[in-house]
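Okay, so here's the structure we're looking at.
Rule-based calculations on the coordinates, nothing more; no lab input. No experiment lies behind these values; they were computed from the predicted model shown. Don't worry about glycine lacking a Cβ; one is built from the backbone with ideal geometry, like all the others, and counts go over all protein chains shown.
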Amino acid sequence: MNRHAVEWNSVQAFFLPETLWSTRSATTPLYAERFRGIRCAPAADRHPFYELTVVLNGSGKLRIGGTVRELQPDTVVCLPPGTPHREEAEERLDTLWIGFRSPLPELSGSGPLLLESHRAAETALACWRLAAGSIPESGFELDGILLTLIGLLLRGRANRHAPWQETVLDYLESHCHEECSVPRLARRFHCSESYFHRRFRALTGMPPNEYLIRLRLKKVMFHLQHTSLPLCEIAPLCGFSDPSYLSRLFHRRMGISAGDFRKKRRSTP
């Protein structure tokens, strides 16, 4: 998927008709809307239902009452009914809005929920694409996608109370194919770069960059053993932009070429 291949300064809204469902469930999407462009809402908005704001590309701010939340790619925010909010973006922003009703007690009284998750953003994009098709009897599939999104948000809220080490390592496990520099990780976990580096080393016995290299190489070995993908395709899946560099690094670290590793592991019962 190329998220950047879009027409800017446009709005597409799909209000989901009853014909998509033979029987409406308790938790069901009402509409899916996509906005691409510079955003400056003249006044705060509020809805009598829940709304998900999902950022696909660009950056901006979301004002919720007197609080300002930063918006960046893969940011997902769930606003409860009646919450005043306003989006601002001086640069191009590619955003999804999904409105829904839900009697789930887990959402009731929780206040806004915020998550930074590539998986959640991709799930929301799948919801928008399905809504855009308005295929008869697709309502149950839409309900399932929405429940997956809610589950990811609730799990993200629970993870904020998990031990720091568990949260950081879980994040690296899921995002090691992306940029995971110390400055970015420090911002992600709301601490200074020096504190992040010091605490990470104390917990794992190695600096973040070394841990990340080992984690990425572990994923490379998995692909070499269990898929037929060439190294040039494995590299970006595991966070390496240069397959030649990966080839040299793999040989230096493992004492064997990637090709020989694949032959050896596949011939081992």
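Summary of values
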{"quantity": "Neighbour-count ranking [beta-carbon atoms within 10 angstrom, fewest first] of Tyr171, Tyr50, Tyr245", "calculated": "Tyr245, Tyr171, Tyr50"}
{"quantity": "Cα lying deepest toward the dipole's positive end in the stretch 162-269, options Val168, Leu246, Ala186, charges on Cβ", "calculated": "Leu246"}
{"quantity": "Kirkwood hydrodynamic radius (C-alpha pairs) into Stokes-Einstein, the stretch 162-269, 4 °C and 1.567 mPa s, D in µm²/s", "calculated": "87 µm²/s"}
{"quantity": "Per-selection metrics, the chain (Cα): Rg and Dmax in Å", "calculated": "21.5, 66"}
{"quantity": "Calculated FRET value between Lys264 and His118, using beta carbons and R₀ = 30 Å, to 0.05", "calculated": "0.35"}
{"quantity": "Residue (of Leu114, Leu20, Ala126) at the positive-pole extreme of the stretch 10-159, dipole from beta-carbon charges", "calculated": "Leu114"}
{"quantity": "Distance (nanometres) between label positions extended 7 Å along Cα→Cβ at Ser192 and Thr67", "calculated": "2.6 nm"}
{"quantity": "Rounded to whole Å, sorted largest first: equivalent-ellipsoid semi-axes of the stretch 33-102, Cα gyration tensor", "calculated": "18, 14, 10"}
{"quantity": "Rg in Å to one decimal, and Dmax rounded to a whole Å, for the stretch 10-159 via C-alpha atoms", "calculated": "14.5, 43"}
{"quantity": "Non-local Lys pairs in the chain, i.e. 8 or more apart or on different chains, that have alpha carbons under 29 Å apart", "calculated": "4"}
{"quantity": "Coordinate range along principal axes, alpha carbons of the stretch 222-269, Å, largest first", "calculated": "32, 21, 12"}
{"quantity": "Förster radius 51 Å - calculated FRET efficiency between Ser138 and Phe222, Cβ distance, rounded to 0.05", "calculated": "0.90"}
{"quantity": "Point-to-point label distance, Arg24-Arg129, nm (Cα→Cβ direction, 7 Å offset)", "calculated": "2.7 nm"}
